[in-house]
Amino acid sequence: MSAVNVWQGAGRRIYMNEVGTRDGLQMEQTFVPTAEKIALVNALSAAGLSKIEVTAFVSPTAIPALRDGEIVMREIERRPGTIYTALVPNVRGAERAIDARTDELNLVMSVSETHNLCNLRMQRSQSFAALQQVVATAQQAAVAVNVSLSCCFGCPMEGGVPQAEVLAWVQRFVDLGVQGVTLCDTTGMAYPSQVLALVAACKARWPQLGLTLHFHNTRGMALANVLAAIDAGADRFDASMGGLGGCPYAPGASGNACTEDIVHALALMDYDTGVDLAAVVAAAQSLPALIGHDIPSQIAKAGPRWALHLPPAGFQEIRERALAKG
Ligand code: COA
Ligand code: ZN
């Protein structure tokens with residue numbers, strides 16, 4: 001690994017994967033109308049996101065908020081250069097996703113046995129066997145596969161997950177020929193030195209693998225973890241507009257790394273995300289009216305560092321008085 005100085009991006013490309021319409025909306029009590037979901041995805045495409053996780057092809061009973069996956073995936077406008085992905089738990093989901101012209105299937109299982117049982121109702125070995133079938137289905141249809149591994153930085157029920165355990169699960173999927181793996185910090189347990197070590201280990205072992213990091217800001221460490229991952233050579237990140245998100249089957253889960261907060265920080269440090277910050281902020285600012293509550297985003301509220309404010313009324317007088325005092 002060649003260490004990169006995180007304080008000077010020097011135009012280095014960072015790929016942002018927007019997960020707000022999937023990881024974000026899956027938790028919401030209010031059903032966001034299908035047309036509004038399509039409009040959000042179209043706005044995010046126009047904002048220049050590299051990849052968008054549009055929806056999930058899961059059981060509509062398990063996640064009613066995303067029961068309109070097919071219509072959303074079929075009716076969005078496809079911007080050349082953006083990859084449209086979707087979460088898929090089983091072969092049924094894969095068939096639905098492929099039928100709706102999804103560019104990439106994002107498979108999911110947990111490296112924690114307890115979390116896997118809670119979220120997917122299977123042991124990890126059963127999930128792996130089932131996902132092998134999904135990978136085969138995708139490969140037959142020549143559709144790319146990414147695997148998101150939950151709880152790579154700790155499980156809220158089991159505690160720490162050994163790095164060797166995470167690497168062993170990544171290896172199993174690399175052996176199946178998947179294009180990408182996402183290391184997920186499902187409940188915000190990751191911390192920067194841990195992130196640096198795990199990303200460095202993955203980069204050393206699989207330099208060609210499309211490696212993505214997925215952090216939640218549950219304990220305020222998402223941005224610090226992104227910077228640590230970049231320092232270890234990572235260049236792909238999941239994030240959610242407005243900082244929405246969280247797994248319904250993970251106790252204490254809360255918002256994802258916030259897209260506009262990450263894009264803003266990386267822009268200041270001269271990284272190139274290709275993302276139009278103002279456009280993402282506009283999308284985030286439309287969310288409270290759709291979901292009925294405030295969003296955790298900082299930048300949607302504070303504005304970017306470069307948006308300056310006028311001095312308060314009476315400033316001229318204050319200045320003149322101060323000058324008169326010599
Ligand atoms: N798409 C649509 N419906 C599906 C489906 C899919 N991909 N997979 C399963 N179903 C339906 C089945 O038809 C069945 O419906 P029915 O009750 O009307 O007969 C029901 O879901 C249960 O199916 P079953 O095969 O018994 O699976 P299960 O109960 O063990 O559920 C999951 C397994 C994983 C498919 C389901 O729990 C799920 O989709 N969970 C969502 C997980 C998720 O998105 N978590 C958050 C993201 S990490
Ligand atoms: Zn998540």
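The values are calculated or read from the model by the stated rules, or taken from the named source; none is laboratory data. These numbers were taken from a predicted model, which means no experiment stands behind them. All Cβ positions, glycine included, derive from the backbone under ideal geometry; neighbour counts span all protein chains shown. For the accessible areas, the whole protein counts, side chains as well, though only heavy atoms, and no ligand, DNA or RNA atoms are used. Shrake-Rupley method; radii C 1.70, N 1.55, O 1.52, S 1.80 Å.
Taking the Cβ of VAL111 as the centre, find all other residues whose Cβ is under 12 Å away and add up their charges (Lys, Arg: +1; Asp, Glu: -1).
-2
At 7 Å along the Cα-to-beta-carbon direction for both ALA43 and ALA136, put a label point, then send me their distance in nm to one decimal.
Here the answer is 4.3 nm between the modelled labels.
Once every DSSP H run of n ≥ 4 in the chain is given -39500 (n - 2.57) and the sum is divided by its residues, what mean residue ellipticity at 222 nm do you get, rounded to the nearest 500 deg cm²/dmol?
-11500 deg cm²/dmol
Out of all DSSP beta bridges with both ends in the stretch 15-324, state the antiparallel percent to the nearest 5.
5 percent
Would you mind getting the accessible area per residue of the stretch 265-326, heavy atoms of the protein chains only, 1.4 Å probe, in Å²? Can you show the working numbers first?
Numbers: 4240 Å² over 62 residues.
Accessible area per residue: 68 Å².
For the stretch 83-222, give me the percentage of DSSP beta bridges that are antiparallel, rounded to the nearest 5 percent.
Counting only bridges with both partners in the stretch 83-222, antiparallel ones make up about 5 percent.
Across the chain, how many lysine pairs separated by 8 or more positions, or lying on different chains, have Cα atoms within less than 28 Å?
Total qualifying Lys-Lys pairs in the chain comes to 4.
Take the alpha-carbon centre of the stretch 278-311, take the same for the stretch 103-160, and report the distance between them in whole Å.
The distance from the Cα centre of the stretch 278-311 to that of the stretch 103-160 comes to 34 Å.
For the stretch 248-326, what % of the accessible area comes from carbon and sulfur atoms, probe 1.4 Å?
On the way: 2770 of 4670 Å².
With neighbouring chains kept in place, the figure for the stretch 248-326 is 59 percent.
What order do you get for 69-77, 194-202, 120-128 when each peptide is scored by the mean count of other beta carbon atoms within 10 Å, highest first? Please report the intermediate quantities before stating the final value.
Numbers: 69-77: 18.3, 194-202: 20.4, 120-128: 16.4.
Put in order of decreasing packing, that is 194-202, 69-77, 120-128.
Listed highest first by mean packing, meaning other Cβ atoms within 10 Å per residue, what order do 87-100, 229-242, 284-297, 162-175 come in? Walk me through the numbers on the way to the answer.
Values: 87-100: 21.0, 229-242: 25.2, 284-297: 17.0, 162-175: 14.8.
Listed from highest to lowest mean packing, they are 229-242, 87-100, 284-297, 162-175.
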